[in-house]
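Chemist: One structure, pasted below without further comment.
The values are calculated or read from the model by the stated rules, or taken from the named source; none is laboratory data. Just so we're clear, the structure is a prediction, and the values are computed from it rather than from any experiment. Because the Cβ atoms are built from the backbone with ideal geometry, glycine has one as well, and the counts that use them run over all protein chains shown.
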Amino acid sequence: MRANRVVQDELDINRGEALRQLHDAVQVCARQQNVPSVLKKKSSWIAYCFVREGCARDARTDSECQHELRLTCSLTTSAPVGDVTACAEIFDKNKGIIHVNSTRRGRNTALHTAMLHSQEGPLVDYLIDKGASLDAENNKGCSPIVLAIMNCRGGKAVAKLINAGANYKEFKTGKYRGMSAMDVAVEYKNDSVVQLLKRLGDEENDTCVATVSDGPVNMKERATCPICKMTVKMSRIESDQLHIERRVKSNGDFSQGSTKRHKQKKYIARKYMDELLANKEAYRILCGIEYHHVENMRIRKEISESMGVLHAVANACGKLGIAGSEGGISLRNVFIVDLCSGKGMTTAICGAMNEDGSNNKFLAIDKMLPHTVPHFIHSNSKLEYLCRDVMSEELCAELEGRVKEQVAMGRVPILIGMHLCGLLSDQAINFFERIEEIKAIVLSPCCLPTKRDQTKLPYFQKEKADDPLHNYFLWARYLKGRIEGRFSETVRSGKMDVSLYTDSEMHTEKNALIVGLRNGP
Ligand SMILES: C[S@@+](CC[C@H](N)C(=O)[O-])C[C@H]1O[C@@H](n2cnc3c(N)ncnc32)[C@H](O)[C@@H]1O
């Protein structure tokens with residue numbers, strides 16, 4: 001009642017004074033669980049800023065509140081489309097004004113909004129990483145996990161929330177008080193979440209919880225990762241290979257099927273896989289449970305590609321005269337920078353196949369958030385992961401600093417870029433050009449730059465061709481020319497020794513490898 005009177009009598013006359021009085025009055029109302037509805041009618045933004053914080057903070061000026069409200073609005077308009085960059089920019093530019101748990105209409109945080117709009121991808125990782133409250137309830141009494149069950153049919157968002165520690169066993173408050181996530185999933189007929197929760201339930205009764213680095217796990221055996229609590233199947237590499245060999249024997253090189261996708265070539269080249277399997281210690285390490293993120297449906301393909309790049313690195317080391325690099329992919333005294341490392345297969349193999357005494361260091365750089373990168377990168381002192389935008393200008397200076405530190409430790413820096421998309425290959429060459437201490441670059445390009453990005457490359461012109469790979473190899477030749485310094489005045493001709501070849505052991509049609517060596521001091 002008192003708040004109503006204050007608002008009606010004074011708000012329009014003297015807003016500053018009213019704010020102070022409102023602050024006191026609303027605190028009383030809030031303690032009595034009685035937020036005056038007139039606040040919403042009269043001035044929704046004032047209501048918002050008081051009610052939102054449960055009146056726990058000091059009264060703020062009109063413009064501060066309006067600014068904050070605008071920011072929170074823009075935050076919750078970025079969340080529905082999963083725009084991580086926009087959200088990150090809003091937080092970065094407005095530190096101290098809004099935070100990851102700022103709420104808007106309906107007491108929804110950005111995480112609530114993301115769940116309401118079925119986001120399951122990087123935005124969810126980003127908000128969790130930023131410390132979003134996992135169990136905050138909106139004004140309908142729903143926590144993010146409840147909204148995820150209702151709106152995110154893939155089950156990934158729910159898995160991420162549970163992995164991050166969200167309560168799913170029994171909701172203590174809110175609309176679903178007394179119910180579990182399973183009850184809500186059944187009610188909303190979200191089958192993938194039901195399956196996920198069933199698996200989690202099984203795991204909890206499971207006595208077989210694998211420990212880190214306990215070696216290969218039987219293929220049929222499931223194990224629970226002690227780090228992220230996911231249920232994983234391991235050690236599929238050999239059985240996948242045997243399976244595909246059997247299918248090629250009976251059906252030929254190409255899969256049957258009418259669509260282009262189903263007509264894909266089956267690759268059975270196994271030289272690189274055998275080389276990896278022959279290194280029992282490396283295989284044992286790679287089967288350790290902390291490598292489970294690397295294991296996926298395309299494991300043989302990824303191994304073949306990474307091994308192709310690493311053979312190119314080993315050859316480059318031979319030519320550079322780096323001691324200990326003769327034969328196989330045994331490396332010594334190198335600092336390998338794996339640009340756009342993805343899940344880090346190349347770095348994983350580097351780490352596993354090169355024993356501790358070899359004075360190597362491997363740095364993986366990607367924009368993936370650290371908690372989405374396989375655990376092995378964080379649990380091996382030879383390996384390091386940097387979460388960076390490779391296209392950013394600042395990275396060059398940072399990389400240069402790191403390269404110099406490693407040179408001081410007797411390591412030769414080598415840059416690798418495995419299946420870099422579009423302009424990322426060009427950017428890798430920029431780093432190589434600018435950081436003189438990097439002695440070699442090994443690139444295996446992937447897709448061409450987008451049409452818009454091609455306008456930034458005056459010397460590259462896509463051509464019309466029937467062969468779908470024509471432009472891929474045109475792009476590879478362009479990148480070779482770039483490393484040679486053909487399109488640059490800053491690179492002295494003859495300073496680079498560059499080769500371009502294809503590696504048929506790689507399980508991909510995009511098997512071009514470009515190796516650039518810096519000649520002389
Ligand atoms: C095709 S994947 C290659 C992954 C890895 N090299 C491999 O062979 O498995 C491309 C990777 O580039 C990363 N990426 C794309 N744009 C990036 C950027 N601007 N900065 C850093 N990483 C980027 C993606 O996150 C993704 O992991």
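Chemist: State all residues of the stretch 280-315 that are at pLDDT below 70 and within 11 Å of the ligand (Cβ to nearest atom); if no residue qualifies, say none.
Modeler: Selection gives VAL294, ASN296, ARG298.
Chemist: Still on this structure, please answer the following. Would you check if there is a residue in the stretch 506-516 being acidic (Asp, Glu), touching a residue at least 40 places away in the same chain (Cβ under 8 Å) and within 16 Å of the ligand (Cβ to nearest atom)?
Modeler: Scanning the stretch 506-516 turns up at least one residue that is acidic (Asp, Glu), touching a residue at least 40 places away in the same chain (Cβ under 8 Å) and within 16 Å of the ligand (Cβ to nearest atom).
Yes/no per residue for (1) outside any helix (DSSP H, G or I); (2) under 22 Å from CYS340 (Cβ atoms):
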site: CYS447; (1), (2): yes, yes
site: ARG452; (1), (2): no, yes
site: LEU457; (1), (2): yes, yes
site: LYS464; (1), (2): yes, no
site: PRO468; (1), (2): yes, no
site: TYR478; (1), (2): no, yes
site: LEU500; (1), (2): yes, yes
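Chemist: Yes or no: the stretch 477-489 includes at least one residue that is modelled with pLDDT of 95 or more, within 16 Å of the ligand (Cβ to nearest atom), of a type in the set (A, V, I, L, M) and in contact with a helix residue (DSSP H, G or I) (Cβ under 9 Å, 6 or more places away or on another chain).
Modeler: yes
Chemist: Another question, then. Is one or more of the residues making up the stretch 360-377 of a type in the set (S, T, N, Q) and at pLDDT 90 or above?
Modeler: Taking every residue of the stretch 360-377 in turn, at least one turns out to be of a type in the set (S, T, N, Q) and at pLDDT 90 or above.
Chemist: Given GLU433, GLU405, GLU437, GLU400, which one is away from the ligand (no atom under 13 Å from the Cβ), outside any helix (DSSP H, G or I) and without any contact (Cβ under 8 Å) to a residue 60 or more places away in the chain?
Modeler: It is GLU437.
Chemist: Now a separate question. Just name the residue that is farthest from the ligand (Cβ to nearest atom) out of those in the stretch 386-397 that are more than 20 Å from CYS350 (Cα to Cα) and free of Cβ contacts under 8 Å to residues at least 24 places away in the same chain.
Modeler: That would be ALA397.
Chemist: State which residue is surrounded by the most Cβ atoms within 10 Å (Cβ to Cβ) when the search covers only the stretch 382-402 and only residues that are among the aliphatic types (A, V, I, L, M) and within 19 Å of SER425 (Cα to Cα).
Modeler: It comes out as LEU399.
Chemist: Pick out the one residue from THR455, THR508 that is of a type in the set (Ser, Thr, Tyr) and farther than 24 Å from TYR272 by Cα.
Modeler: Exactly one residue qualifies, and that residue is THR455.
Chemist: Considering only residues that are away from the ligand (no atom under 16 Å from the Cβ) and among the charged types (D, E, K, R), look in the stretch 344-376 and name the one that is surrounded by the fewest Cβ atoms within 10 Å (Cβ to Cβ).
Modeler: Only one residue tops the list, namely ASP356.
Chemist: Follow-up question, since we're still on this one. Does the stretch 135-169 hold any residues that are under 20 Å from the mean Cα position of the chain (by Cα) and in a loop (DSSP other than H, G, I, E, B), and which are they?
Modeler: Matches in the stretch 135-169: CYS152, GLY154, GLY155, GLY165.
Chemist: Could you list all residues from the stretch 318-335 that are at pLDDT 85 or above, part of a loop (DSSP other than H, G, I, E, B) and small (Gly, Ala, Ser)?
Modeler: GLY321
Chemist: Now, a different point. Sort out which residues of the stretch 408-419 are at pLDDT 95 or above and within 12 Å of the ligand (Cβ to nearest atom), and write them in order of number.
Modeler: ILE416, GLY417
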